[in-house]
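Following: one structure in structure tokens, then a few remarks.
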Amino acid sequence: MSTINPNGKDIISVSTEFAGRTLTLEVNRVGFRTTASVLVRYGDTVVLGTAMVGSRPVVLDYFPLSIDYEEKFYAAGKISGSRFIKREGRPSDEAILIGRLIDRPIRPLFPKGYRQEVQVVSSVLSMDPSFRPDMVAMIAASSALMLTGTPFDGPVAGLRVGRVNGEYKAFLTPEERDASDLDLVVAGIESGITMVEAGANEVSEDVIVGGLEWAFKEFQPAIELQKELAAKVQPAAQEYELVLPNEDIQKVADKWTTGKLGEALHHPYPERNEMINNIRWAYHEDMAKEVGEEEYAALRDEYDEAFTMALHKDVRRGIVESGTRPDGRKLDEIRPLSSEVGVLPRTHGSSIFTRGVTQGMNIVTLAPLSYSQMVDTMEQDDYERRYMHHYNAPGYTVGEVRRLGSPGRREIGHGYLAERALIPVLPAVEDFPYAIRSVTEIMSQNGSTSMAATCSSCLALMDAGVPLKNPVSGIAMGLMMDGDTPYVLSDIADAEDFAGDMDFKVTGTKDGITAIQMDMKVHGLPVEILKMAIEKSTPGRKFILDHMLETLAQPRAAISEFAPRIEKIKINPEKIGTVIGKGGETINKITSETGAQIDIAEDGLITVAASDTAKIEQALEWIRGLTEEPEVGKIYTGKVVSIKDFGAFVNIMPGTDGMVHISKLSDQRVEKVEDVLTMGQEVKVKLTGIDEKGRLSLSIKDVDA
């Protein structure tokens, strides 16, 4: 379809069937001043993808690409639930995580040395509530980049895949997501997969691999549609220059390092790092003498990058040629492990998990459910986040002087990965009515800190007495491709990550996988290689889990003496108003007189927290008295509130009276009720029946029957 817009350009639109709905890409309707912009429609979801490209390279030693995902509350017909802030401000953690999902499969598809500044924004303008809009936003970002003329080796598409009743499905409804045992995001290009992320309820490796195969096949129509749009628009190719290491300088660096790297550097960390630093300084001193101090000062960064490249080549060469890793380990060997629990005296749970030089300390705090985090997003109504994992990694953890600040995208992403690794094994709120905050303080980094966060948080949760269904461990794996030959590395360190072609993290229990994150630095990999990588992660993950269980075999039987005591009671939701009272009068009276903190959920679950059990029991008895339902066959102690010729009325609970017929007063014949009962007398009665009108029949003579 083509029409003319007010800017005088043809409106170009292309469509295809994609996962059960029509996917439409449209250009030239909006965004006239952008380098490229695309309106993407899928169902009732509309996402604007915009891309802006700088006119000249910037003087930086990295590619200045930024990719953001913007939630617009109006897209869902909502106004932010915040009492004070109605304008969209800082992106939520959920929006940051989706931005990372879009970024990770796109970033490796630009050539090394490209330095133009590129900004991509996916803004959700309309949201169909029957499915999540994140994968539509990924297509919008890729479509816009395809029209910029940059050397982007796309297009990219992705699907979020669930599994309901054993069948894979994309664009799940909220109800289907709740029923699914898998939440798998797969993104890639026409020839292979470039990014994987998953959360799962202890599923097998085969389930993950099956999801990869299904998603790769199903997102191909979205790739073809982007290629069709680009062919119609025919964007002008951008002129650019790649900032690459000087080949002559690289040759000098390669020659100088010959004989100084290799087997001589096969030492554990951090000794190896110190040796490399010494070699690097010697290299710079020799190069400065050879080139001349003044000229070398201008070229030092290029010489340093050439040295780093030589180091990466050496790492790859050792692995491919001799199967030996930088620290001397075999390909499937795990670094030395150590762990301990209960390391902090006043916290509710704590642990330290160390793998090589990477170390994470985790602290768990338990609190009443009212301390759960209220989350306000575009995609759904406000909801409470009961389990929160936060990850911190200051500059000192990598030996750097770095200003402290709020967590960045990396910290949020690492924390989320460790969080979703544990969510499937947490106890139900009905069984463990606590809000749980888990904080990982990284103490030292040398690769795989998100997996250290996973392992340390699991140990700290068990130390806190959280009754996990199964303990969870995690491992970071690496991959290097030598032609078509893959080399899979277990428990990668920094040097192998920097020199490798893929890093991936796998977490799980003895029964299955709970989370996965895969990032490829090459332009797509086939499912067969990813399958092999996942399978090879299992022995290492189980080895680490066995070590953790030697430290703490199971959750502690009781929570810390410093944690609040919490008990629960389930009431009829229709009686919530009775507990609260007019204007909160009743619940305020209970809390003030007992000193307990009371939280009430919409489903009738009431949790009571206090410093000692006596206060909790006092509050629970009060609530039971207000909400207990009469139970046929149960014996009650009640008070006579009315006497009639035919019997007496007895109050057995607040607001609930039943009648004892004169024939049910005694085994002996009773002439007058007053011969047996008096007003205000306490008696034991048995509830023998409730008629269709809700009237209660009581008996005194059947109490001992």
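Have a look at 250, 288, 322 and report the one farthest towards the positive end of the charge dipole of segment 247-322, computed about the Cα centre with Cβ charges (Lys/Arg +1, Asp/Glu -1).
322
Any idea which of 40, 129, 157 is furthest toward the positive side of the dipole for segment 2-233, if Lys and Arg beta-carbons carry +1 and Asp and Glu beta-carbons -1?
Looking along the dipole axis, the top candidate is 40.
As a check on your grasp of the helix formula, calculate [θ] at 222 nm for the chain: sum -39500 (n - 2.57) over DSSP H runs of n ≥ 4, divide by the residue count, round to the nearest 500.
Result for the chain, helices only: -9500 deg cm²/dmol.
What per residue convex hull volume, in Å³, comes out for segment 2-233 when only alpha-carbon positions are used?
Hull volume normalised by residue count: 149 Å³.
Working from the pairwise distances between different alpha carbons, so that the mean of 1/r is found and then inverted, what is segment 242-392's Kirkwood radius in Å?
20.0 Å is the Kirkwood radius here.
Compute the distance from the alpha-carbon center of segment 61-106 to that of segment 674-696, in whole Å.
Comparing the Cα centres of segment 61-106 and segment 674-696, I get a distance of 63 Å.
Sort largest first and round to whole Å: the equivalent ellipsoid semi-axes of segment 161-218, each the square root of five times a Cα gyration tensor eigenvalue.
The answer is 19, 12, 9 Å, longest axis first.
What do you get for Rg/Rh over segment 337-551 if you use C-alpha atoms and the Kirkwood form of Rh?
Computed over Cα atoms, the ratio is 0.98.
Whole-Å semi-axes of segment 238-322's equivalent ellipsoid, largest first, each the root of 5 times a Cα gyration tensor eigenvalue?
Calculated on Cα positions only, the semi-axes equal 24, 18, 11 Å.
Rounded to the nearest 0.05, what FRET efficiency is calculated for residue 666 and residue 637 with R0 set to 22 Å and r the Cβ-Cβ distance?
So, using R0 = 22 Å, E works out to roughly 0.80.
Taking the Cβ of residue 509 as the center, what net charge do the other residues with Cβ under 10 Å away carry, scoring Lys and Arg +1 and Asp and Glu -1?
Computed value for this residue: +2.
Can you give the % of DSSP beta bridges in the chain that are antiparallel, to the nearest 5?
Of all bridge pairs located within the chain, approximately 90 percent are antiparallel.
Please report, to one decimal in angstroms, the Kirkwood hydrodynamic radius of segment 494-649 built from all distinct Cα-Cα pairs.
Values: mean 1/r = 0.0459 Å⁻¹.
Result for segment 494-649, one decimal place: 21.8 Å.
Can you tell me the dipole magnitude for segment 606-705 around its Cα centre, using point charges on the Cβ only (Lys, Arg +1; Asp, Glu -1), in Debye to the nearest 20?
Working: 13 positive and 17 negative charges, 26 e Å.
Its charge dipole is roughly 120 debye.
If you place +1 on the Cβ of every Lys and Arg, -1 on the Cβ of every Asp and Glu, and leave all else neutral, what size is the dipole of segment 337-551 about its Cα centre, to the nearest 20 Debye?
380 debye
If I take all pairs of Cα atoms in segment 565-627, what percentage of them are more than 19 Å from each other?
The answer is 18 percent, as a whole percent.
Using only alpha carbon positions, build the gyration tensor of segment 401-491, then give the equivalent ellipsoid semi-axes as the square roots of 5 times its eigenvalues, largest first, whole angstrom. Don't skip to the answer; put the middle values down first.
Values: eigenvalues 166, 76, 24 Å².
Listed largest to smallest, the semi-axes of segment 401-491 are 29, 20, 11 Å.
What is the distance, in nm, between label points placed 7 Å from the Cα along the Cα-to-Cβ direction at residue 86 and at residue 30?
2.1 nm
Considering the dipole of the chain built from charges on the beta carbon (Lys and Arg +1, Asp and Glu -1) around the Cα centre, which of 64, 186, 638 is farthest to its positive end?
Comparing the listed Cα positions along the dipole, 638 ranks first.
Multiply the residue gap between residue 340 and residue 190 by 0.36 nm, knock off their C-alpha separation, and tell me the result in nm, one decimal place. Kindly include the intermediate steps, with their values, before the conclusion.
Numbers: separation 150, 0.36 × 150 = 54.00 nm, distance 4.69 nm.
Stretched out fully, the residue 340 to residue 190 stretch lengthens by 49.3 nm.
Where nothing but the Cβ of Lys and Arg (+1) and of Asp and Glu (-1) is charged, how large is the charge dipole of segment 247-322 around its Cα centre, in debye to the nearest 20? Provide the component values of the computation, followed by the final result.
Details: 10 positive and 18 negative charges, 89 e Å.
It works out to roughly 420 debye.
Could you tell me the distance between the Cα centroids of segment 196-267 and segment 356-392, to the nearest Å?
32 Å
In Å and whole numbers, how far do the C-alpha atoms of segment 462-555 stretch along each principal axis, longest first?
49, 25, 17
What number in nm² do you get for the chain if you take the convex hull of its Cα atoms and divide its surface by four?
The directionally averaged projection comes out at 40.0 nm².
At q = 0.12, 0.17 Å⁻¹, what log₁₀ I(q)/I(0) does segment 604-699 have when each alpha carbon counts as one equal point scatterer in the Debye sum?
Here the Debye-derived log intensity ratios amount to -0.46, -0.76.
Read the figures in this text as sums done on the coordinates, not as results from a lab. As the structure is a computational prediction, the values presented were derived from the model and not from experiment. Cβ: placed from backbone, ideal geometry, glycine included. Neighbour counts: every protein chain shown.
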